[in-house]
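Presented below is the structure to which this report refers.
The values are calculated or read from the model by the stated rules, or taken from the named source; none is laboratory data. This is a predicted model, so every value here is computed, not measured. Please note: Cβ atoms are built from the backbone with ideal geometry, for glycine as well, and neighbour counts cover all protein chains shown. Areas reflect the complete protein model, heavy atoms only, side chains present, ligands, DNA and RNA absent. Shrake-Rupley method; radii C 1.70, N 1.55, O 1.52, S 1.80 Å.
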Amino acid sequence: MIDNFDKKSISGSIPLNNPDNESNSKQRSVAWVNGGKVYVQTTSPEDTVTIVPCPEIQLFVNGEQITKPVELTTADEISVNLPAFTEPGFVRVHVSPDKMSAFIDIKPDVLNNYQLEDSPPAPKLFLKVKHIKTTTISETTESLATLLNKSNISYGIDQERVNDIIRNTSNGMVLVASGLPPSPPIDDTIDIVFDKRKSIANSSETINFKEMQSIPSVSSGDVLAIKIQGQLGKPGKNVLGQEIRVNEPKRINLLSGFGVQIIEDGIKAIAQTEGLPVVQKSGTNYIISVDPVLKIPEDVNVKTGNIRFKGNVTILGSVENDMSVSASGDITVSNIITRCTIIAGGNVTVKGNIVNSEIISGGFFVICNTLKPPLQELGKALENLLLAGAIMYDKLPPNTNINFGNVLVLLIEKRYTNFIGLLDKIQKMFKELDMKLLGEYDHKLQKLVNNLHLIKLVQYQTPADFEATINELNSFFYYAARHEKNRSLVDVNVVLNSVIKSSGDVMVQGAGCFNTHIIAEGNVTVNGVVRGGVIEAKDDIFIKELGSEFSSKSVVITAKDKKIKITNAFEGVKVQVGKMQKVLEKKMTNIEVSLDEEGYLQIKNF
C-alpha cells in the first residue's frame, strides 16, 4: 500500500507554490494532485472538497474504502493504495527437429506500477492514474550458458548473440547456435566426348542446310567417354555435438559394348573400330558401343541432310536430288539415286536405278593418291628441318632457355620460307576432300599439320620430339599402302547419264548402262547393254551387248595385257586395248579383243 496523501497538506498547512492555486485558495476550498501526492486546502474547517476515485486505485477515508465520489474536510483521514505487481517472464531453450539450430525463447519480467497524474486545483478532484511498465531480465550470460549446457547444446554457439540477449533485453526467439551441415558427396558422372551435333563456327558464313544434320562417327582409337569419379562428402555436426554422416556418392560403371575397349581401370572408353558411337544407360551402368553400320530407314534428302560417316552406311530408301553420301566403309542404297554423289571408302551397292549421278568406290585410294604428293613433300621438308635444326641445337651453350622449337621457327623464317605456304596448301586440300574416308587418320593428319605452324612449333623441346612427328607422318604412308591393295566393288543394276569410278571392279547386273562413263582399276562386267558412254578398265572387260542399231557411240578401253569380251557388238562401236583401237565395221557376236604377241589388235571368237 502506498499512502499518497500528505497529512500536512490535508490540514492545509503546506503552502501552494503555484500562483494560480494560491489565488484560488483565497476564494474557495480546493484539492489537487502534484508529484504523485494529493493536496487539500479549505477556507474553513467546515468547508469540504469532493474527490472522485478512479477504478485503478483504492481510496480509504477514515479507514473505510470509498468507491464513489466523497466530500472531505481537513479533519478526515485519507489514504490511497496504488497497485504494483510483476508479470513474471521465462527463458527456455528450443532445438529444431533436425537438431541443426538452437534458440533461446525469452520473455523478460514486466514490473507494473501506477502513479497519480497531476491535476490542477478544483473543488471536485477527479483522481487519475498513469500505468507504468518496466521490463527487466534477471538472467546473466553465465546463467544462459548454464541453461544451454543443461539442454546439451555444445556446438556452434554464437556467444555474441547470447550477450545481445542481456544487453538489449531481448524478447522472443533468438538463434544462439547453428550446426555445421555436411557437404554433399559428388556423384560419378560420364563425359560423352564425341560430338552429337555439328556447330556453326561463324554466324556470318553461308549456311548449307544439307549439312546441318551431323551424324556422329568415330575412328579406331578415338576416346568416346570418360568417367569422372565422384568425391566423398564431409560429415557435419549438429548443435548437440553429434556427427552427421553423409551418403556415399552414386557410383557409375563404364562398360564396353561392341567395338569398344575400357582402359585406365574403367575410366576411359576407346573405340576399336569405325562407326556410330552408341550410349545405353541401364541403372548405374553406361554401356558404350560402336555400331559399324549406320542404317538410314528413309530417303536421304534435305530433312536428313548429307551423310558423312566413318563406317558402313545402309540406306533403306532413295538418295534424292543434289544430296551426297560418303562413308569410310561400304555404302548400300536400296532404292534409286538421282543427281547425287556417292563416295565410299569401300564398296558401293545400289539396288535401284542410278540417274545423273557420280559413284566412287575405294574413295580412300582416291584421297591417298591426291594427298600423297604434298605430304611426301612435307615429309622431306621435315627431315631437312630436323637435320639443320639438330646441328644448330647442338651448338647452343649449355643451360640455355632456347628449346628445339625456337630453332625450328628461326630456320623457317630465315631459310625454309616456303614451308608455311606448303602447310596452307595441304590444309586447303583437307577442307576440299572428304577426310572421313581416311578413317582414323582423318583427325590425325589434320592435327599433325596444324601443330607445325610457327605458333605451335615451340612445343617441341628436343629433336627427338620433332622426330616423333616425322614418324607419325610416315606411319600414314604405311597405313595407306596397306589399304590401297584392297580392291573395291561397285555393284549396280541400271545406270543412266552417270559417272562410276572404282579402285577395283564394276559390276552392272541389271538392264545395263546408258551414256555412262565407267573408270575401274579392276574388271568391268555388264550383264546387260552398254549404249553410249565410255568404259575404261585396267583389267578384263565383259559386256553382253555393246552399242545399238542406231549407231550409239560406245567406247571400251582396257590395258595392253588385258582383254575385252563382248557377246553382241554392234557396228560403229570402238574397242581399244593398250594404244591399239578399232571401230567395228559390222555387227559381231561372241568376240574377244586383245593384243597378239606382236602387239597388234586381234579380234577372235570365243
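Does Val279 meet the test of being over 30 Å from Ile228 (Cβ atoms) and either open to solvent by 20 Å² or more (accessible area, probe 1.4 Å) or of a type outside the set (Asp, Glu) (or both)? Against the criterion (over 30 Å from Ile228 (Cβ atoms) and either open to solvent by 20 Å² or more (accessible area, probe 1.4 Å) or of a type outside the set (Asp, Glu) (or both)), Val279 does not qualify.
Scanning segment 504-528 for residues that are of a type in the set (Val, Ile, Thr) and crowded, with 21+ Cβ neighbours inside 10 Å turns up Val506, Val508, Thr516, Ile518, Val524, Val526.
Take the conditions within 30 Å of the chain's Cα centre (by Cα) and at pLDDT 90 or above and apply them to Asp322. Does it pass? The answer is no for Asp322. Restricting attention to segment 366-419 and to residues that are part of a loop (DSSP other than H, G, I, E, B), over 42 Å from the mean Cα position of the chain (by Cα) and of a type outside the set (S, T, N, Q), the residue that is modelled with the lowest pLDDT turns out to be Pro398. Quick check on segment 550-568. Is at least one of its residues in a loop (DSSP other than H, G, I, E, B) and closer than 21 Å to Ile354 by Cα? Yes, segment 550-568 contains at least one residue that is in a loop (DSSP other than H, G, I, E, B) and closer than 21 Å to Ile354 by Cα. All conditions in (1) polar (S, T, N, Q); (2) surrounded by 16 or more Cβ atoms within 10 Å (Cβ to Cβ); (3) free of Cβ contacts under 8 Å to residues at least 40 places away in the same chain hold for Asn497, with the sole exception of (3). For segment 230-247, does any single residue satisfy the condition of being at pLDDT 90 or above, under 20 Å from Asp188 (Cα atoms) and in a strand (DSSP E or B)? Yes, segment 230-247 contains a residue that is at pLDDT 90 or above, under 20 Å from Asp188 (Cα atoms) and in a strand (DSSP E or B).
Test Lys250 against the stated conditions and say whether it is open to solvent by 60 Å² or more (accessible area, probe 1.4 Å), basic (Lys, Arg) and in contact with a strand residue (DSSP E or B) (Cβ under 8 Å, 6 or more places away or on another chain). For Lys250, the condition - open to solvent by 60 Å² or more (accessible area, probe 1.4 Å), basic (Lys, Arg) and in contact with a strand residue (DSSP E or B) (Cβ under 8 Å, 6 or more places away or on another chain) - is not met.
Report whether or not Asn450 is more than 36 Å from the chain's Cα centre (by Cα), within 28 Å of Ser326 (Cβ to Cβ) and either acidic (Asp, Glu) or surrounded by fewer than 16 Cβ atoms within 10 Å (Cβ to Cβ) (or both). When the stated conditions are applied, Asn450 does not pass them.
Note on segment 308-344: residues that are β-branched (Val, Ile, Thr) and either free of Cβ contacts under 8 Å to residues at least 12 places away in the same chain or assigned to a loop (DSSP other than H, G, I, E, B) (or both) total 1.
Scanning segment 100-147 for residues that are modelled with pLDDT of 95 or more and not in a strand (DSSP E or B) returns a single hit, Met100.
One residue stands out in segment 459-488 among those that are touching a residue at least 40 places away in the same chain (Cβ under 8 Å) and open to solvent by 60 Å² or more (accessible area, probe 1.4 Å): the one that is farthest from Leu371 (Cα to Cα), namely Gln461. Of the residues in segment 552-559, not one is open to solvent by 40 Å² or more (accessible area, probe 1.4 Å) and either among the small types (Gly, Ala, Ser) or over 29 Å from Arg339 (Cα atoms) (or both). If only residues of segment 10-46 that are among the small types (Gly, Ala, Ser) and at pLDDT 50 or above are counted, the one that is surrounded by the fewest Cβ atoms within 10 Å (Cβ to Cβ) is Ser44.
Could you tell me whether segment 351-370 includes any residue that is under 21 Å from Gly421 (Cβ atoms) and free of Cβ contacts under 8 Å to residues at least 40 places away in the same chain? Can you show your working first?
Restricting attention to segment 351-370, the residues satisfying the condition of being under 21 Å from Gly421 (Cβ atoms) are 370.
Those still in the list that are free of Cβ contacts under 8 Å to residues at least 40 places away in the same chain too: none.
No - not one qualifying residue is present in segment 351-370.
Of all residues in segment 296-331, those satisfying the criterion of being open to solvent by 20 Å² or more (accessible area, probe 1.4 Å) and of a type in the set (Lys, Arg) are Lys303, Arg308.
Figure legend. Inter-residue proximity from segment 295-307: first residues at positive phi, second residues surrounded by fewer than 19 Cβ atoms within 10 Å (Cβ to Cβ) and in a loop (DSSP other than H, G, I, E, B), beta-carbon distance below 6 Å, spacing 6+ or different chains. Indicated pairs: Gly305/Met212; Gly305/Gln213.
The rows are residues; the columns are (1) farther than 19 Å from Phe514 by Cβ; (2) out of contact with any Phe, Trp or Tyr (no Cβ under 7 Å at 6 or more places or on another chain).
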{"position": "Asn312", "(1), (2)": "yes, yes"}
{"position": "Ala327", "(1), (2)": "yes, no"}
{"position": "Ile331", "(1), (2)": "yes, yes"}
{"position": "Ile337", "(1), (2)": "no, yes"}
{"position": "Val350", "(1), (2)": "no, yes"}
{"position": "Ile359", "(1), (2)": "no, yes"}
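Look at segment 145-156: where a residue is over 15 Å from Asp105 (Cα atoms) and a partner is among the charged types (D, E, K, R) and open to solvent by 70 Å² or more (accessible area, probe 1.4 Å), sitting 6+ places away or on another chain with Cβ atoms under 9 Å, you get Tyr155/Lys237; Gly156/Lys237. Screening segment 517-534 for residues that are of a type outside the set (Gly, Ala, Ser) and in contact (Cβ under 8 Å) with a residue 24 or more places away in the chain and picking the one that is nearest to Thr558 (Cα to Cα) gives Glu521.
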